[in-house]
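See structure below.
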């Protein structure tokens with residue numbers, strides 16, 4: 001890449017909802033025409049779901065906190081709502097690697113400044129080099145300084161560091177530790193330009209597995225710390241793990257005595273993290289025999305790492321290893337080093353990848369001379385915890401199991417490489433795990449030998465990698481197939497599900513489908529820790545059973561259910577596609593469809609099933625028992641291809657896919673895949689899906705993640721592909737969006753988008769009330785089975801409010817968590833005539849504070865909130881409504897209902 005972005009060029013929208021202008025591109029002229037319609041973007045709530053390797057508090061400003069993820073971007077804490085705000089949603093398709101954040105630095109001199117070192121892989125999985133992003137407004141806008149090397153936000157060692165550091169004596173100066181033998185880099189202009197520090201003598205040499213494409217990279221330069229005029233740098237070299245400079249980096253020397261920390265019990269160790277206690281004059285370093293975040297202890301029971309204290313004034317090294325947790329030593333290394341700035345001498349370190357029965361955090365209040373631990377044995381297997389975990393706001397963190405002692409669920413964590421005590425509040429701590437951020441606000445109870453409370457502090461941070469999506473016409477709003485945590489039946493888009501898929505559980509679900517005409521039947525496939533499995537439900541996902549897995553299957557592959565639920569067609573990895581008419585209890589190989597094909601079912605005709613593989617399309621007219629190869633040969637032969645059938649339209653199939661160096665685009669068939677035509681205007685297309693038809697239309701809306709006329713985005717057509725509208729903008733791109741897309745079958749304009757690390761994105765059109773179903777298209781063939789729609793889920797709080805003159809105002813709450821909730825207020829014009837504007841007012845009764853609000857212009861004075869209409873939603877016909885949504889803090893566990901009033905004009 002050669003282009004650069006200037007400060008202010010990239011703008012990030014609101015916390016969970018943002019407004020994006022829509023442009024329409026016609027199929028004929030490609031002219032862009034501004035439209036009044038806007039889109040608001042949020043997530044289907046999961047809360048976490050991925051690894052959080054770094055949490056950084058600003059040292060001088062309270063409540064300014066950043067969390068970095070390995071594939072899901074960077075977030076900033078919002079104290080008012082107790083939620084995280086995504087900061088890198090502007091990252092586009094071509095620069096998807098920027099969603100892997102290897103380090104973050106928040107300026108202690110000027111808190112407006114924040115920096116992020118980005119790049120997901122140091123191998124050829126990411127085609128682009130890394131960059132340092134710089135912001136002068138806390139991440140609301142960014143500039144990009146491209147680097148001449150790659151960075152590894154999702155590589156081994158991503159929890160080490162921080163690799164990016166700001167010189168507190170001159171905040172225009174930053175240091176960056178690079179991987180892959182690229183050395184130490186420096187900027188002297190607030191991160192705008194970078195140059196290698198030529199005088200730095202050691203680029204590191206530690207490699208986990210030489211020659212391996214993922215584990216074979218040199219871990220490089222790991223961290224930078226400052227004390228007075230000295231700069232300390234950690235290096236992945238067990239022989240010389242720490243260097244020091246006392247002249248601003250002009251010359252460097254190995255830190256005397258540091259070589260001893262590079263070997264523990266005969267194993268080479270890395271200096272994973274470091275921290276300086278300015279008051280007591282100590283440099284603390286934690287080490288591990290593996291960079292993490294996966295490998296456990298050494299096989300022979302040796303210590304996997306240690307904790308060291310270096311006295312800066314005397315040059316004295318002291319090993320302050322806290323010892324094992326009970327007599328049976330786990331051999332773990334360490335992660336998550338943090339110091340208490342309010343109480344010098346207090347520090348905490350965490351075992352990393354002890355795995356069983358749990359991780360242990362150690363705490364010292366005397367600079368490491370003595371330690372206490374987060375839990376201990378009181379006669380095996382009985383545990384005594386210093387804490388209680390209340391994970392009720394993210395119920396799935398109990399993993400759906402109640403293990404035998406000494407193991408417990410929810411766990412304290414795993415893969416804990418980030419732990420941070422608030423430098424302004426000794427009682428607050430946060431730490432990242434492989435699935436969430438945990439935290440406490442009464443940590444110092446530990447020192448008083450009383451219990452402290454741990455809760456998930458992860459709401460707003462959505463980090464799942466989406467494999468597949470399916471939106472049924474009744475039952476849950478959405479089904480998701482996800483990496484790492486399997487997936488969910490989302491009965492509410494705003495409430496975190498209580499459980500992920502169980503019985504069978506899946507580490508990763510690769511495909512999910514329901515029977516269009518009998519939607520309570522759902523099938524999902526995937527694997528649990530590498531073991532292939534299949535789950536079947538006839539209760540819309542509220543309960544499941546495990547089907548039989550045909551011998552020879554090596555991966556989940558894809559699955560399709562015929563429209564009437566009469567047959568399941570499964571194309572697992574490593575085996576010819578199979579068919580079951582017994583809900584997965586027995587299987588028969590299909591004929592005519594190659595191994596590795598992708599399968600989908602027709603959404604109106606139960607006899608039709610489709611497949612694609614090896615650049616050719618296949619169709620079945622007997623429920624998937626046998627397939628015929630279509631004559632059309634113009635499909636992509638390389639790259640990913642995804643396709644889907646149109647609800648209510650028998651034989652209508654759309655296909656998208658390809659590769660930049662070959663055939664790439666979109667095609668459609670109206671005769672069950674026998675013949676095909678290309679959809680014009682797309683130079684690239686990767687996913688295609690369908691949702692409720694637009695008012696006045698009989699054909700479902702078509703959605704695609706694609707590039708049209710050179711413009712990459714999320715596109716929608718309401719007229720069978722004659723014209724297309726880009727419905728996202730450059731502030732809302734979410735990196736790579738090529739896994740799945742589907743519209744909502746009941747709400748026109750609502751779209752669900754799969755990302756690789758930013759979870760399930762939900763888009764709502766401003767032109768249509770999301771609460772008013774617009775209906776689905778009637779099938780063109782008679783269904784073989786009829787079903788009754790299920791009852792829609794109720795909000796967690798029933799609406800309140802009432803008429804005020806010529807309008808009514810109703811309040812409701814759809815989601816709540818400890819310390820905060822999400823609410824909405826709907827104003828309805830009941831005046832008998834059209835109005836051009838409205839005003840809402842309500843008073844909080846319990847000290848609540850608005851964190852963010854969408855759908856109106858708002859102010860809060862004391863406890864009173866006033867909201868006026870936007871230009872795009874002020875006009876209300878008689879009987880029409882507009883809805884305002886918001887997040888707010890609250891002191892209790894449930895919101896207190898306000899009574900809103902309204903006026904229209």
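Bear in mind these aren't lab numbers, they're just calculated from the coordinates by the rules spelled out. Computed from a predicted model, the values in this text were never measured in an experiment. As a convention, Cβ positions derive from the backbone with ideal geometry for all residues, glycine included, and neighbour counts pool all protein chains shown.
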Label-point separation, residue 548 to residue 441 (7 Å along Cα→Cβ), nm
5.5
Rank by packing, highest mean first: peptides 685-692, 40-47, 894-901, with packing defined as the count of other Cβ atoms within 10 Å averaged across residues.
685-692, 40-47, 894-901
Against the globular-protein guess of 2.2 N^0.38 Å, express the Cα radius of gyration of the range 295-398 as a ratio, rounded to two decimals.
1.19
Sort the range 530-597 into rounded, prolate or oblate with this rule: let a ≥ b ≥ c be the square roots of the eigenvalues of the Cα gyration tensor; rounded if a/c is under 1.5, and if a/c is not under 1.5, prolate when a/b is larger than b/c, oblate otherwise.
oblate
Distance in nm between residue 260 and residue 595 label points, each 7 Å along Cα→Cβ, equals 5.9
Extent of the range 362-481 along each principal axis, from alpha carbon coordinates, in Å, largest to smallest?
61, 38, 21
Averaging the inverse of every distinct alpha carbon separation and then flipping it gives the Kirkwood radius. What is it for the range 641-699, in angstrom units?
12.2
The rounded separation in angstrom of the Cα centers of the range 256-299 and the range 676-749 is 51
Could you tell me the calculated FRET efficiency between residue 896 and residue 576, based on Cβ-Cβ distance and R0 = 51 angstrom, to the nearest 0.05?
0.25
For the range 550-591, calculate the relative contact order in percent as a whole number, restricting contacts to Cα pairs under 8 Å that are 6 or more residues apart.
32
Descending packing, highest mean Cβ count within 10 Å first, for 427-437, 223-233, 725-735 is 427-437, 725-735, 223-233
Give me the Debye-computed log₁₀ of I(q)/I(0) at q = 0.23, 0.26, 0.28 Å⁻¹ for the range 817-880, equal point scatterers on Cα only, no solvent, two decimals.
-0.99, -1.15, -1.25
Long-range share for the range 76-201, i.e. C-alpha pairs more than 23 Å apart as a percent of all pairs, stands at 29
Where only C-alpha atoms are counted, convex hull volume of the range 466-765 per residue in Å³
116
Pair residue 409, residue 172: separation of 7 Å Cα→Cβ label points (nm):
5.6
Over the Cα atoms of the range 258-321, how large are the radius of gyration and the largest Cα-Cα distance (Dmax), in Å?
12.5, 39
State, as an integer percentage, the relative contact order of the range 466-765 based on alpha-carbon contacts under 8 Å between residues 6 or more apart.
11
Between residue 621 and residue 697, take the C-beta separation as r, use R0 = 41 Å, and let me know the FRET efficiency to the nearest 0.05.
0.90
Radius of gyration and Dmax over the Cα atoms of the range 238-377, both given in Å
15.1, 51
Computed FRET value (nearest 0.05) for residue 628 with residue 538, which takes r as the C-beta separation and R₀ as 30 Å:
0.50
At 25 °C in a medium of viscosity 0.890 mPa s, the range 172-317 has a Stokes-Einstein diffusion coefficient, with Rh taken as the Kirkwood radius over alpha carbon pairs, in µm² per second, of 155
Starting from the Kirkwood Rh over alpha-carbon pairs, what translational D in µm² s⁻¹ does the range 351-419 have by Stokes-Einstein at 4 °C and 1.567 mPa s?
97
Full extension between residue 300 and residue 128 adds, at 0.36 nm per residue less the Cα distance, a length in nm of 57.9 nm
Candidates for mean projected area of the Cα convex hull in nm² are [x] 36.4; [y] 45.8; [z] 43.7, and the calculated one carries label [x]
Averaging sequence separations of C-alpha pairs under 8 Å and six or more residues apart, then dividing by the length of the range 614-666, give the relative contact order as a whole percent.
28
For the range 599-716, the Debye formula with one identical point scatterer on each Cα and no solvent gives log10 I(q)/I(0) at q = 0.11, 0.14, 0.20 Å⁻¹ as -0.34, -0.55, -1.08
